[in-house]
Amino acid sequence: MKPKKLQISDDASSQHLSVLLNASKAISEAADYATLLQALLTIIIKHAGAQRVFLLKSQGDNLILEATAQTNTNGVMVEHVHCEANWDDLPKSLISKAIQTKKLLYANVGQQSTPYDLDPYFQRFSVSTAICLPIIKQNQLIAIFYIELWEHDKLFSDEYLNVLTLLTAHAATTMEAARLQNAIDEVNQQRLKLERALRLADTSLALGEQISRTGSWRWELHNNTLVCSEEFCNILDLDPQRRTISFADFAACIHPEDKNSVLDRIRYAVQKETAINVEYRVLKADGSVLYLTGQGCPVFDSDKLVDYVGTVNDVTARRASENALRVAQDDLARVCRITTIGQLTSSIAHEINQPLMSIVANAGAGLRWLHRAEPDLQQVSASLQSIATEGQRAGQIVQSLRTLTKNTKALLSKLDIHDVLKCIVAIARREIERRNVSLELHLDAKLSQIRGDMVQLQQVMLNLVMNAIEAMSEISNRQRVLTISTFTKEDQVIFIQVEDTGPGISDEIKDHLFDAFYTTKKDGMGMGLAICHSIVEMHGGELSAVLRQPVGSIFSFAIPLVKD
C-alpha cells in the first residue's frame, strides 16, 4: 500500500504549512531531549485542539509513560513522568494494535462502529476521538503518541493527520539524535568521573607507597621487562623517571650474597606458575644495605601465564626493631635467670659445699693411709679417685651456674633432655629439702634426644620447678609433692611435666598465665612464664597449664625428638 500524499485544501494550506514550519523549527532548535519533548507535545496539543497527549515508549515487555501534556485554564501543562503505563488511564486495545502494526490508528468512539468501542477505558470515559501515532526510525519503534479529544464536534481531518505524520517523522530523527547525544553526554560524564577517580587513585597509591615504603611492579614475561612504580625505583635506587626496566637491571640491584638463591626461587615459581615470595637484601650505591620482601602473583590469559604483578616492601626498619627486640628479650631472660639463681643461693651453696667437704674428708683419709707405717696405696688411690670425682661434680655445678648467667646467643644442638632435668634437680635440691617438699622423678621416656639450647631449656625447667615449690610453700594440711616426669608419644615427641600439690590455678588467672608482666607474686616481675612460653615455642613446642586432680597444677610441654 502506497503512503498517502499530503493533500491540503487552499483554505487550510497556510495554517497547516505554518504549523509544520514552526514545529520543524522548534524541534530543530531544541537544546536537549527535555526541551524537544516540551516543544513537540505543545505543538501537537495546540494544533489539534486536543485535550490530552501521552508519549509512550516500549521497554522490553513493559510500556513506559515518558511524558504527558494536557490543557487546563492556565494553558498547556507538560509533565515528564517516566513510569510504567497504567492501563486504567489508557486504551490498551488501541495502543497494543498500534505497537503491533507500527501504523497510525484512530477511532471515532461512539460515532461509528470500531474494534475498540468495548475497551474498558472507552467504556468509562467520554472520549470523542483517539489516535495512536507510532514514531518509526529504520523500521524500529521509537515511541508512540496517544492523542485524544473529548469534544464530539471536533474530528481529525486527513490533512491534519498527514501534517502530523510528517511532523512526527521529523521528530523521530531529532528524538533519536537527542537520545544519542544524551547517551554520549552520559558516557562523557562517566569518563570524566572515571578519569578523576583514576587520578585520585594514582595519587593515593603513590602516597600510600611512599608512606609504607612499598613499591609495585608488573613483570611482562614476553619481553622480560618490569613496569615499576615511582616508589619501587626509589627503593632500589633507580631513576624514578625510568619506569620500565629490564629484569637484568632488577637482578643487578640484589645483594651479591643473596642474588643466586633469590633468582633460583623466582625461576622455580615461574616454572611452577605459582606465587613469588622472597626476602633479600639490596646493596645501594652509598654502601648501605636495605632488607626487602617481595611478593608476586601470576596473571593468566586463556590459561597461559603472561605476567606477574606484585610489590616490594622495605623492611629495614622493621628488621632493626626485631633485632633490638631480640637483644632486649635475651637480656631480660638473662636477668630472670640471675634473679632465680639469686633465690637459690642457699641451695647452690649447699650443693657446692657437699663435694668440697667430701674432697677435704677424702684428702684427710688419703694422707692418713699414706702416713701409716706401711702406706696402704690402694686406699690412697681410692681417696684420690673420690677427690677427683667430687671435684668434677663441683666443677659441673659451677659450670652450670656460669652457663645460666652468661649472656650468650641461643645455640641449638643435640642433647639429652634428661641431663637438663637432672642438672636442674641438683641445683634446686637444697631448696626442695628446705621447703619440706618430696621429690618424685619419673623419667620414663626411652627416647630423650632432642635438638635445643641447653641454657634456655634449663631456664624453663628451673622456672617451673621454683614456681611449683613456691606454690606449695603455704600448704600445711597435706603433703607437698613435686613430680617431674617424661614420656613419649608415637616416638615423635617427648613430654615433660612438672606437677605440684599446691592450690592449683584459678579461672581468673588461667587465661593470663603466660602474659608478659602478669604476676600473682608480691615481688614478681611477671616475665618468667612469658619467657618460658616463648622459649618452648622456639623449640617447636607449646607450654600449657591445667588443674591437677584432686589438687595442684600441672605444667607441661612437648619437644620433637631427634632420632639417630
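The values are calculated or read from the model by the stated rules, or taken from the named source; none is laboratory data. Because the structure is predicted, anything quoted here is derived from the model rather than measured. Every residue, glycine among them, receives a Cβ derived from its backbone with ideal geometry; neighbour counts consider all protein chains shown. Note: accessible area is taken over every heavy atom of the protein model, side chains too, but ligands, DNA and RNA are not part of it. Shrake-Rupley method; radii C 1.70, N 1.55, O 1.52, S 1.80 Å.
Before moving on, here are some points about what is shown:
- Of the numbered criteria (1) under 55 Å from the mean Cα position of the chain (by Cα); (2) surrounded by 19 or more Cβ atoms within 10 Å (Cβ to Cβ); (3) over 22 Å from T114 (Cβ atoms), the one E84 fails is (2).
- Residues of region 45-81 classified as open to solvent by 50 Å² or more (accessible area, probe 1.4 Å) and within 16 Å of I142 (Cα to Cα), total: 5
- Pairs with Cβ under 8 Å, 6+ apart, first in region 477-495 and in a loop (DSSP other than H, G, I, E, B), second open to solvent by 50 Å² or more (accessible area, probe 1.4 Å): R480/R435; R480/N436; D491/L447; D491/K563; Q492/P560
- Picking from residues in region 115-141 that are open to solvent by less than 30 Å² (accessible area, probe 1.4 Å) and among the hydrophobic types (A, V, I, L, M, F, W, C), the one that is modelled with the lowest pLDDT is V127.
- Scoring D88 on the criteria (1) among the acidic types (D, E); (2) assigned to a helix (DSSP H, G or I); (3) at pLDDT 75 or above leaves a single failure, condition (2).
- In region 300-315, the residue that is nearest to V282 (Cα to Cα) out of those that are β-branched (V, I, T) and at pLDDT 85 or above is V312.
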